[in-house]
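As structure tokens, the structure follows; a few thoughts come after it.
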Amino acid sequence: MENVVEVRRLTKQLNGFVLNDLNFDIKKGFITGFIGPNGAGKSTTIRCIMDLIRQDQGDIRIFDRSHSEHTAKIKQRIGFVYDENYYYEDSSIEKNKRILSPFYKNWDDELFYYYLKKFHLPATKLVKHLSKGMRMKFSLAMALAHHPEFIIMDEPTAGLDPIVRRELLDLMQELIQDEEKAIFFSTHITTDLERIADFIIFIHDGRIIFQGEMDEFTERYVLVKGTADQRSLLNGLPVIGLRETDVGFECLVDSVKTSLSHFHALLMEKPTLEDIMYYTVRSGYQ
Ligand SMILES: Nc1ncnc2c1ncn2[C@@H]1O[C@H](COP(=O)(O)OP(=O)(O)OP(=O)(O)O)[C@@H](O)[C@H]1O
């Protein structure tokens with residue numbers, strides 16, 4: 001599998017927050033979801049990848065080139081969508097396109113208008129009058145119209161209604177079909193990832209907790225439930241994020257670190273991504 005992005009020992013300090021020694025790859029032909037709770041470090045990582053902020057330590061290679069040495073060339077090949085994309089608010093979609101498109105060597109006007117039509121975006125509409133969903137679609141049309149090989153999006157589905165969100169996820173799947181591109185997007189909406197991600201990188205408190213194939217992730221963890229009487233069966237066992245109520249308990253177990261045979265008397269269920277995130281964050285997982 002070819003890597004479009006290789007991040008090695010990425011470290012960045014920001015006012016008490018530390019992005020701590022991140023190592024991961026983003027693979028061509030696949031969708032990689034970047035998941036983590038608020039403040040986990042997703043945007044900071046994406047900003048480092050996009051060279052919008054400089055890391056304190058570590059290397060980031062994109063298309064097998066150092067991103068800091070070849071920024072301009074690399075950016076020609078990236079479609080970047082994030083909520084602070086800078087546009088001329090008092091100008092129309094059309095005018096924004098006319099101003100910004102000359103920066104891209106591979107700009108494809110036909111493709112841009114294809115997306116405007118697909119997204120039902122009127123070219124004459126002023127950017128400041130676009131709704132959140134329309135703005136995201138406009139950003140996407142701008143990002144895709146120069147035939148990017150790597151599409152990177154910071155929470156593209158946040159704040160979108162379920163229909164627009166679903167459309168965006170369908171589009172991502174469509175884009176990845178030719179196996180020539182890589183898509184990387186951050187989110188804390190776990191169901192989006194369950195629907196489309198091939199790989200997942202889970203970050204919490206500036207550290208990667210898990211990275212790998214989506215199925216491997218959900219199969220690795222087990223949700224264990226029991227009654228209050230059975231609580232003592234957990235004594236001495238490493239469980240994650242134990243939640244006790246008057247009638248019983250629930251917790252997560254990492255089957256790589258603990259044998260599931262310890263829990264045979266208890267109810268074991270397959271967790272959702274949200275369960276894994278919830279219990280891991282709750283436990284202050286280190
Ligand atoms: N410019 C900055 N100056 C100081 N601290 C910052 C700056 N940008 C981010 N941080 C801090 O870095 C940490 C990680 O923030 P980041 O935006 O990367 O998280 P995130 O995972 O994208 O969160 P969210 O899901 O809420 O968008 C937070 O504690 C945040 O306050």
Volume of the Cα convex hull of region 219-283, divided per residue and given in Å³
79 Å³
Restricting to bridges with both residues inside the chain, how much of the DSSP beta-bridge set is antiparallel, in percent to the nearest 5?
65 percent
Of all accessible surface on the chain at a 1.4 Å probe, what whole percent is carbon and sulfur?
47 percent
For a quick size check, give me the Cα extents of region 34-183 along its three principal axes, largest first, whole Å.
45, 36, 34
Filter the cross-link list LYS28/LYS137; LYS27/LYS225; LYS28/LYS132; LYS73/LYS128 down to pairs whose alpha-carbon distance in this structure exceeds 32 Å.
LYS27/LYS225
For the chain, one quarter of the surface area of the C-alpha convex hull, expressed in nm², comes to 17.0 nm²
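The values are calculated or read from the model by the stated rules, or taken from the named source; none is laboratory data. These numbers were taken from a predicted model, which means no experiment stands behind them. Surface accessibility is based on the protein's heavy atoms, side chains included, excluding ligands, DNA and RNA. Shrake-Rupley method; radii C 1.70, N 1.55, O 1.52, S 1.80 Å.
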